1. Give me the percent of DSSP beta bridges within region 2-223 that run antiparallel, rounded to the nearest 5.
2. Which one, (i) 30, 54, 16, 0; (ii) 29, 58, 13, 0; (iii) 33, 58, 8, 0, gives P(r) over Cα pairs in 20 Å bins from 0, in percent as derived from the coordinates shown?
3. If I take R0 = 41 Å and measure r between the Cβ atoms of GLU227 and ASP140 in this structure, what FRET efficiency does the formula 1/(1 + (r/R0)^6) give, to the nearest 0.05?
4. Please report the relative contact order for the chain, taking Cα pairs under 8 Å with a sequence separation of at least 6, and give it as a percent rounded to a whole number.
5. Sequence gap at least 6, Cα distance under 8 Å: using those rules, report the relative contact order of region 225-324 to the nearest whole percent.
6. Quick one: dipole size for the chain, taken about the Cα centre, charges +1 on Lys/Arg Cβ and -1 on Asp/Glu Cβ, in debye to the nearest 20.
7. Can you pull a Stokes-Einstein diffusion coefficient for region 10-63 at 10 °C (1.306 mPa s), Rh from Kirkwood over Cα pairs, as a whole number of µm²/s?
8. Name the shape class, rounded, prolate or oblate, that the alpha-carbon gyration tensor gives for region 201-264, where a ≥ b ≥ c are the square roots of its eigenvalues, rounded holds for a/c under 1.5, and otherwise prolate holds if a/b is larger than b/c and oblate otherwise.
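No lab work stands behind these numbers, since they all come straight from the coordinates. Every value quoted in this text rests on a predicted model; they were computed, and no experiment measured them. Note: ideal-geometry Cβ built from the backbone for every residue, glycine included; neighbour counts use all protein chains shown.
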Amino acid sequence: MLLAIQHKKLMEIMQFPQKLIENIEKVIVGKRDVIELLLVGLFSNGHILIEDIPGVGKTMLSRALARSIDAKFKRIQFTPDLLPSDITGVSVYNQKTQEFEIKPGPIFANIVLADEINRTTPRTQSGLLECMQEYRVTIDGVPCPLPEPFLVIATQNPIEYHGTYPLPEAQVDRFLMQLSIGYPSKLEEENIVADRMKEDPIDLLKPVLGISDVLALQKRVAEVYIEKDIVSYIVEIVSRTRDLPDVKLGVSPRGSLALMRTSKAMAFLEKRDYVIPSDVKTLAVPALAHRIIIQPHSLVKGVTRNKVISRVVEEVPTPIKKTT
């Protein structure tokens, strides 16, 4: 009886990703691959950097995800005058109790949209380091845990550099993946315009999961099996990025962990309890490309981070499934 109940619960959890995808697609048209990668980040308990031009739906995607899981959502507009305390919160003196009290900042939410993160100063950018790595905030020496789940979705414009502060390598490396949404097709854009003639679909979006469901998903993803040969495959891909003539700075060990975690989440998304090489290949570019720095002379020749990672994946031998 207990096994039957556990099996039924597992089957329900396996259906959660599809419910989320279908719900978000009511708002975000024609970007199923991007939605899937966003969910990979959520299930992996990691953070997402979206680099794309304005107006393609970065904010809407974040809001749709938050509504779909009934999560607390906060949007922080990053500007040059923003201070770290504007994000994390402050300690204020209460005259009635004659004690200092923590006044939480907008970072205390399940999903935080860090909009145009590269428009604020390095000092303020660094205020997110502890939040993203340790899932807590220290305010006047007091450690304050952030709510679970906790996901930072940061955006930046890849074209406009005036008045921006490029993210330092330590900050970029803390993002599990970097995504791009891209323009919709003509037909998709017609559907977007038609859907918004009377009202915004986001206003009608209802939750399909709860916070407890997401935490159960994250726990289940962590239990997905990955063979030793595939772990070696991941490490080989990462290590090769450190010895390429076109690369000034290769992928750190954090990149190996990111590729492993996202591959597990992709396997779960495909309704498998084990990782296969194609999961690794699918996630290699979004999980690793943003972690490398291309040599200046190679940039002039048209070498890009995505091309470098794609070439490495092609060159590394794919593990062969063992037969018994």
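1. Bridges in region 2-223 that DSSP calls antiparallel: roughly 40 percent.
2. Computed from these coordinates, P(r) over Cα pairs in 20 Å bins from 0, in percent corresponds to label (ii).
3. The computed FRET efficiency comes out at 0.30.
4. Once normalised by length, the contact order is 21 percent.
5. Relative contact order comes out at 34 percent.
6. On the way: 41 positive and 40 negative charges, 115 e Å.
Taking the Cα centre of the chain as origin, the dipole is about 560 debye.
7. Details: Rh = 12.1 Å.
Value of D from the Cα-based Kirkwood radius: 132 µm²/s.
8. oblate
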